[in-house]
Amino acid sequence: MNTRERFQATCNFEKMDRPIRFETIGYFHETFARWHQEGLPESVSDNIFSGPLHFGFDTQCWLPVSGSPDFEPGFWPRFDDEIIEENEQFIIKRDMAGATVKVLTSGRSTIPQYIDNPVKTFSDFEELKWRLDPENPERFTGLLNLVIDMVQAVDDKFTNAIVCGLFGTYRHLMGYTGMTVAMKRDPGLVHAIARQWVHLNGTMIKKLWEREPIDYIYFWEDMAYKNGPMISPQAFREFMSPYYREIIQSIKADTDIQVFGVDSDGNMWELLPLFTDAGINFMLPFEVNAGMDIRKVRKEFPDLVIWGGIDKMALFHDVNSIRKEIMEKVPPLLQSGGYMPALDHVVPPEVSLENYETFLEIVRGLR
């Protein structure tokens, strides 16, 4: 089987020659720094090219519908970075999403501290809405056009279109507090943002699909903490379900794309049935420390494609700990089908290079 056939067989719960090899969604910069001290070549230093290539991953190509979805919601043009204040400890700046953020001067991997966001009123949204216009022909110049050309040059691959999800878009534009307040006091603004989200991403995905086959849609959300989601099921039903259902049905009507995935950290139990009801059929990464046990997920959602769910913290310890975590979860999930073995988040610097390579060896020995 080639890589695309293998991925499609996974998503169709069909037999395949071996599981997809893409055992983590990424690595912290500090992890690579540690591994360079442990023998990893200095040239291996990123999550998109050198990392996956070095560790023998199947080739997954990413088409950035929303640019960098965890940093901005799909603006074109993006806002220019503007330094407001800088000292030895931190930088305060306006970022590419128009938000005012505080980040560490050192560049250490941390979540930025958000000070302000660009949308507080309907007028604010109207003033920047032009940046979310999918018909702007300049979206396909420069970087995106280059990425498409690069993807088309790869023969053996599976491909996703990566999108800033709806909750992620609300959060980029309004901030978490602003979003929550708007859902109570100005729901019309929230619905207007959602309609533009459907228009922007539905149109862009169809335009990309016309140029390059897309195997699945990857919605970035990150909408839960350790103890539960950042949005109530009631608010989800009002402000997210209709729009996810609309965009998925529209894409299915106009393309051959059948797989729609959501990436969210944290405890997603309350939202899983709402996402699947809206048409999502693929999820990741199922953080173990947040209570996400993929064996239970498989039992309750037998048709959901699962990517992840192996406790990264097991790799902090010895080979017995690693093997135990793998053998308790991976064989039964592979037996059920619809599973891509992977860690439950990016690889942290507590994991040694030796332990990571041991993890890959054990996982890849299973069928």
Report task. Scan (1) assigned to a helix (DSSP H, G or I); (2) at pLDDT 95 or above for the single condition Val154 breaks and write down its number. Result -> (1)
Requested in this report: Test Val330 against the criterion of being under 16 Å from Thr10 (Cβ atoms), surrounded by fewer than 23 Cβ atoms within 10 Å (Cβ to Cβ) and of a type in the set (A, V, I, L, M), and give yes or no.
Outcome: yes
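Being farther than 19 Å from Ser68 by Cα and crowded, with 17+ Cβ neighbours inside 10 Å, is that true of even one residue in the range 93-100? Let's see the steps before the verdict.
Step one: filter the range 93-100 for residues farther than 19 Å from Ser68 by Cα, giving none.
No, the range 93-100 has no match at all.
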Report summary line: Across the range 107-132, the tally of residues that are within 20 Å of Glu82 (Cβ to Cβ), polar (S, T, N, Q) and in a loop (DSSP other than H, G, I, E, B) stands at 1
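Would you check if Phe13 is touching a Ser or Thr at 6+ places or on another chain (Cβ under 9 Å), surrounded by 15 or more Cβ atoms within 10 Å (Cβ to Cβ) and either at pLDDT 95 or above or of a type in the set (Ser, Thr, Tyr) (or both)? Spell out the reasoning first.
On the way: touching a Ser or Thr at 6+ places or on another chain (Cβ under 9 Å): yes; surrounded by 15 or more Cβ atoms within 10 Å (Cβ to Cβ): no; either at pLDDT 95 or above or of a type in the set (Ser, Thr, Tyr) (or both): yes.
Criteria not met by Phe13.
The values are calculated or read from the model by the stated rules, or taken from the named source; none is laboratory data. Quantities reported herein were computed from a predicted structural model and do not represent experimental measurements. In this analysis, Cβ positions are derived from the backbone assuming ideal geometry, glycine residues included, and neighbour counts consider all displayed protein chains.
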